[in-house]
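Colleague: One structure coming up, written as structure tokens, with questions to follow.
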Amino acid sequence: MNQTVRIFDTTLRDGEQSPGATLTSAEKLEVARSLARLGVDVIEAGFPAASPDDLEAVRRIAMEIGQPHNGKQPPIICGLARATRNDIEKAWQAVSPAARPRIHTFIATSPIHMQYKLQMEPEKVVKKATEMVAFARSLCEDIEFSPEDAGRSEPEFLYHILSEVVAAGATTLNIPDTVGYQTPDEFGDLIRGIMKNVKGIENCIVSVHCHNDLGLATANALAGIRAGARQAEVTVNGIGERAGNTSLEEVVMALHTRHPVYGLDTNIDTTQIMHVSKQVSNYTGILVQPNKAIVGANAFAHEAGIHQDGMLKHQQTYEIMRPETVGVKQSRLVLGKHSGRHALKVRLAELGYELNEEEVVQIFKRFKVLADKKKEILDADLEALISDELYQPVEIYQLDGLQVACGTMGMPTATVRLIGPDEKVYIHAAIGTGPVDAAYNAMDEIIQAPNKLIEFSIHAITEGIDALGEVTVRISDSQQQRLTAQRDAAQPRTFGGYGADTDIVVASAKAYLSAINKLLVATGAEIPSA
């Protein structure tokens with residue numbers, strides 16, 4: 001038996017049927033080009049009978065993507081058609097320019113579909129399918145037939161109709177679980193029954209086409225492959241009708257990663273997977289959920305401290321495949337509230353900070369406080385923490401608490417609590433033109449170090465509503481302080497302060513207090529008591 005599984009991509013047909021996922025002709029062509037680079041064996045480019053634009057899009061793909069390039073065999077270009085002469089003729093019109101064209105025709109075979117949708121007796125369905133497969137084969141050598149809703153069809157009826165269409169010229173038999181009804185055991189048994197009971201099956205490739213209504217699409221497809229199917233019908237990111245189709249990346253990477261189990265290969269260049277995933281997501285507007293297998297933003301991200309520690313010691317502790325294999329540059333250790341000290345230390349080292357254990361412990365405490373306020377700590381956040389925690393002068397006064405009241409009603413008021421050099425707690429409230437001015441006035445009343453604020457700058461370090469705010473200030477000393485330090489009264493000095501916090505008023509208070517502490521140290525002024 002062939003040990004290579006064909007990858008039949010139906011992103012441009014079944015995937016485009018996702019609500020709101022309609023693609024323009026130009027977008028379809030670009031996706032088809034990427035799919036060819038990815039190495040898919042068959043591109044189902046569309047449903048030509050659906051509209052003149054769809055026919056033209058499929059025809060353009062057949063003409064441009066379905067031709068040999070640099071001596072390389074192109075993918076099969078396939079068009080879908082209902083079991084009617086008009087659909088089949090339009091499908092052939094669209095795919096005929098391809099070097100390797102295929103017509104894919106289908107008719108429903110489940111009792112519920114035959115009775116209520118087709119309103120046809122089973123034998124009339126068989127006759128219709130046989131006639132249309134024969135007609136398609138008169139136009140094209142490569143014919144795929146699908147018994148729609150095979151998952152809910154009677155097995156004996158399936159054996160009968162499939163045997164008849166094989167005799168009429170079908171070369172691929174696709175078995176769709178159209179409504180995602182089957183379980184892996186059931187679907188595997190269905191494929192095994194078909195492999196055993198359909199006449200002429202040895203001359204055909206059996207394909208699986210599963211939907212994800214119960215979240216079992218990939219499991220069902222793999223069960224069908226283990227039972228003998230050698231073509232998997234999939235979509236990029238698993239997009240498609242209702243809950244979607246079997247995901248291309250999941251089937252391919254399952255076969256790749258668990259090769260000892262399946263012993264099967266594909267022709268896919270796995271390093272192209274992430275690129276195609278992002279392209280399809282951008283064009284369709286359907287976002288990939290962060291925890292989506294293989295291509296989700298968190299697929300190779302680790303936040304839990306235990307996991308991060310294991311990853312830093314050996315990558316295979318928590319990753320069963322290399323991110324580079326699917327086109328991701330590297331794994332990502334997400335620093336957040338679940339992260340441990342080991343991961344923080346490694347990231348700081350990567351940023352160029354060589355810290356001793358005491359400094360790491362010091363930063364880690366601040367890191368944990370910040371992580372409780374925002375979901376993810378970025379490099380800019382870490383650099384701000386380093387500057388705020390380690391590169392500040394000796395704190396003569398320390399900010400121990402801050403509360404503000406402001407808005408359109410009443411006067412902006414700030415209450416500040418500082419710990420002084422004598423370990424005494426100082427509390428003072430003041431008003432101002434705004435919450436920052438009020439906080440600065442309160443600190444001035446406590447510290448009594450006359451100065452002039454000459455620069456105030458604030459900006460968000462990182463993106464998002466929970467971004468860390470960074471404040472820098474510059475103050476100049478007063479004449480009295482210059483005289484105290486026995487300096488020339490004509491030469492004022494400036495002192496910079498820096499503060500960072502998710503609360504910009506707190507960051508502003510930290511920055512101002514930092515500058516004042518520098519001023520007090522530099523002037524050698526006597527520390528007053530409030």
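Colleague: So which residues in region 142-167 are of a type in the set (D, E, K, R), part of a strand (DSSP E or B) and closer than 14 Å to Ile201 by Cα, if there are any at all?
Modeller: The answer is Glu144, and nothing else.
Colleague: Which one of the conditions (1) crowded, with 22+ Cβ neighbours inside 10 Å; (2) free of Cβ contacts under 8 Å to residues at least 12 places away in the same chain does Pro48 fail to meet, given that it meets all the rest?
Modeller: With respect to (1) crowded, with 22+ Cβ neighbours inside 10 Å; (2) free of Cβ contacts under 8 Å to residues at least 12 places away in the same chain, Pro48 is out only on (2).
Colleague: Ile465 versus (1) β-branched (Val, Ile, Thr); (2) modelled with pLDDT under 80; (3) closer than 19 Å to Thr413 by Cα: which is the lone unmet condition?
Modeller: That leaves (3) as the condition not met.
Colleague: Hey, another quick one. Counting only residues that are assigned to a loop (DSSP other than H, G, I, E, B) and either modelled with pLDDT of 75 or more or of a type in the set (S, T, N, Q) (or both), which one in region 469-488 is farthest from Leu519 (Cα to Cα)?
Modeller: Filtering region 469-488 for residues assigned to a loop (DSSP other than H, G, I, E, B) gives 478, 485-488.
Restricting the remaining residues to those that are either modelled with pLDDT of 75 or more or of a type in the set (S, T, N, Q) (or both) gives 478, 486.
Values: Ser478: 10, Gln486: 14 Å.
The selected residue is Gln486.
To keep it simple, each residue is scored yes or no on (1) closer than 22 Å to Ala136 by Cα; (2) of a type in the set (D, E, K, R).
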position	(1), (2)
Ala36	no, no
Glu56	yes, yes
Arg59	yes, yes
Ala62	yes, no
Leu80	yes, no
Asn86	yes, no
Ala91	yes, no
Arg102	yes, yes
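Colleague: Here's something else I'd like to know. Please indicate, with yes or no, whether at least one residue in region 109-122 is surrounded by 23 or more Cβ atoms within 10 Å (Cβ to Cβ), of a type in the set (Val, Ile, Thr) and either outside the structural domain of Val165 (by TED's automatic domain parsing) or over 15 Å from Gly169 (Cβ atoms) (or both).
Modeller: yes
Colleague: Can you name the number of the only condition in (1) surrounded by fewer than 21 Cβ atoms within 10 Å (Cβ to Cβ); (2) under 19 Å from Ile175 (Cβ atoms) that Pro74 fails?
Modeller: (2)
Colleague: I would also like to ask the following. Can you pull out every residue in region 36-74 that is under 18 Å from Ile268 (Cα atoms) and in contact with a Ser or Thr (Cβ under 7 Å, 6 or more places away or on another chain)?
Modeller: If the condition is that a residue be under 18 Å from Ile268 (Cα atoms) and in contact with a Ser or Thr (Cβ under 7 Å, 6 or more places away or on another chain), then Glu44 is the only one that fits.
Colleague: So which residues in region 425-450 are part of a loop (DSSP other than H, G, I, E, B) and without any contact (Cβ under 8 Å) to a residue 24 or more places away in the chain, if there are any at all?
Modeller: Residues satisfying the conditions are Gly432, Thr433.
Colleague: List the strands (runs of 3 or more DSSP E) inside region 168-264, counting only whole elements, that have at least 2 residues being charged (D, E, K, R).
Modeller: Filter on region 168-264 gives an empty set.
Colleague: Identify, please: which residue in region 23-45 is outside any helix (DSSP H, G or I) and touching a residue at least 24 places away in the same chain (Cβ under 8 Å) and is, among those, surrounded by the most Cβ atoms within 10 Å (Cβ to Cβ)?
Modeller: The qualifying residue surrounded by the most Cβ atoms within 10 Å (Cβ to Cβ) is Ala45.
The values are calculated or read from the model by the stated rules, or taken from the named source; none is laboratory data. On a predicted model such as this, the values are computed, not experimentally measured, just so you know. Using ideal geometry, Cβ is built from the backbone for each residue, glycine included, and neighbour counts are taken over all protein chains shown.
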